[in-house]
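Below you'll find the structure, written out as structure tokens, and then a few comments.
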Amino acid sequence: MVEKIKDNLYKLEIPLPFTPLKALNSYVIKGKERNMIVDTGFNRPECLDAMKKGLDELKIDLNKTDIFVTHMHADHSGLVSSLASAFSKVYCSSYDAGIINASLNKERWYEILQETVKYGFPAEEDITEYLPGKKYKTSHTIDFIPVREGDTLNIGEYFFVCIETPGHTPGHICLYESREKILISGDHILDKITPNISKWFNTFNPLEDYLQSLDKIAALEVDLVLPGHRDVITDCRKRIDELKQHHDKRCWEVLRILKGKTMDAYTVASKMKWDITLEWNDFPVPQKWFALGEAVSHLKFLASRGLVEEFEGEKVFYSC
Ligand SMILES: [Zn+2]
């Protein structure tokens, strides 16, 4: 489905079957010489079909089209290998670009499994087989052009500036058009659902990063937020306030769960409230995995403030 947002700026709704996210918003910016697609959908036929239909409707020639990936997740990056032509430039932060290409290595997924188990996920089977990041990733290595804070991309009448917004992923980048006051927010700011903030691997305190990145965006003049999922947002600062309040409440919830006890992050996650109408044991594996990551990011944040204690051995435990 193609929706015109502004002159030469369109939203394509790309279905994400069997996920709570339901669909990805891909944005297409048309220029005289080059076009740009921002985010792509999973590497699966349903996404490719929807993308092709939308691009045909907009008469987009992929030989004259570049691709911008806001962050590493497969629902944003998976289709790049099917869409990028020999003449396409593909932009992403160097950190997230590295992770996208590393996701083609088996060893990487073994490391992910090891870390998941360290935080308490039961290791009865290789749960990474269920993860969308493994199932719907790009089919080959991408020759990304790295972008960083302040880089400008000019497409037609639009000048988008890259704003580094670590938190949802370490290399997450938003695109800001200061004259039009438009922010393409990726998964940094979403309406109705809250972006997942997970702590994995080399990240240290992603929730701290995320809250700082929210403040960074709150300082900008934004009239229209174009997010990676769900509806566009017109009151950016109000949504930022709501997201900050959400994480404040989550921190209190984690402290209540942990009060006077010692447990692993998986057990903490199982006791937190989630927007899913199933019992914890019936959660699909990807939802349990995202929940665990979210619990760990809050535990790390609270540990950095001295509010919980972390004990790291072969496994990691928390107490307060
Ligand atoms: Zn994401």
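The values are calculated or read from the model by the stated rules, or taken from the named source; none is laboratory data. As the structure is a computational prediction, the values presented were derived from the model and not from experiment. When we count neighbours, we look across all protein chains shown, and the Cβ atoms used for this are built from the backbone with ideal geometry, even at glycine.
Observations
- For Glu46: the one exception among (1) closer than 23 Å to Val161 by Cβ; (2) touching a Pro at 6+ places or on another chain (Cβ under 6 Å): (1)
- The residues listed here are Ile184, Ile240; of these, the one that is more than 17 Å from Leu299 (Cα to Cα), within 14 Å of the ligand (Cβ to nearest atom) and either surrounded by 19 or more Cβ atoms within 10 Å (Cβ to Cβ) or over 16 Å from the mean Cα position of the chain (by Cα) (or both) is Ile184.
- Single match in Met51, Met36 (criterion: more than 19 Å from the chain's Cα centre (by Cα), closer than 17 Å to Ser185 by Cα and buried (at least 18 other Cβ atoms within 10 Å of the Cβ)): Met36
- Within segment 190-220, the set of residues being out of contact with any Pro (no Cβ under 6 Å at 6 or more places or on another chain), over 19 Å from Gly150 (Cα atoms) and part of a loop (DSSP other than H, G, I, E, B) comprises Asp191, Lys192, Ile193, Thr194, Pro195, Asn196, Ser198, Trp200, Phe201, Asn202, Phe204, Asn205.
- Sole exception among (1) more than 29 Å from Ile100 (Cα to Cα); (2) within 16 Å of the ligand (Cβ to nearest atom) for Leu255, by number: (2)
- Segment 253-280: number of residues that are under 25 Å from the mean Cα position of the chain (by Cα) and not charged (D, E, K, R): 13
- The C-beta contact set for segment 249-278 (first residue over 16 Å from Ala303 (Cα atoms), second residue outside any helix (DSSP H, G or I) and polar (S, T, N, Q), distance under 9 angstrom, 6+ apart or interchain) comprises Asp275/Thr194.
- Val268 within 15 Å of Ile197 (Cα to Cα), surrounded by 11 or more Cβ atoms within 10 Å (Cβ to Cβ) and either hydrophobic (A, V, I, L, M, F, W, C) or modelled with pLDDT of 95 or more (or both): no
- Scanning segment 6-33 for residues that are surrounded by fewer than 16 Cβ atoms within 10 Å (Cβ to Cβ), over 15 Å from the mean Cα position of the chain (by Cα) and at negative phi returns Lys6, Asp7, Pro17, Lys32, Glu33.
- Segment 271-288: number of residues that are farther than 22 Å from Tyr318 by Cβ, of a type outside the set (Asp, Glu) and loosely packed, with under 10 Cβ neighbours inside 10 Å: 1
- Condition met for Ser94 (among the polar types (S, T, N, Q) and at pLDDT 95 or above): yes
- Taking each residue of segment 170-192 that is without any contact (Cβ under 8 Å) to a residue 60 or more places away in the chain and farther than 14 Å from Val232 by Cα and looking for partners that are more than 12 Å from the ligand (Cβ to nearest atom) and part of a strand (DSSP E or B) with beta-carbon atoms closer than 7 Å, six or more apart or interchain, yields Tyr176/Phe160; Tyr176/Val161; Tyr176/Ile163; Tyr176/Leu183; Glu177/Tyr158; Glu177/Phe159; Glu177/Phe160; Ser178/Val161.
- Subset tally (residues that are within 18 Å of Leu292 (Cα to Cα) and within 15 Å of the ligand (Cβ to nearest atom)) for segment 208-226: 1
- Matching residues in segment 66-116 - criterion: being part of a loop (DSSP other than H, G, I, E, B), hydrophobic (A, V, I, L, M, F, W, C) and either touching a His at 6+ places or on another chain (Cβ under 9 Å) or within 16 Å of the ligand (Cβ to nearest atom) (or both): Val69, Met72, Leu79, Leu104
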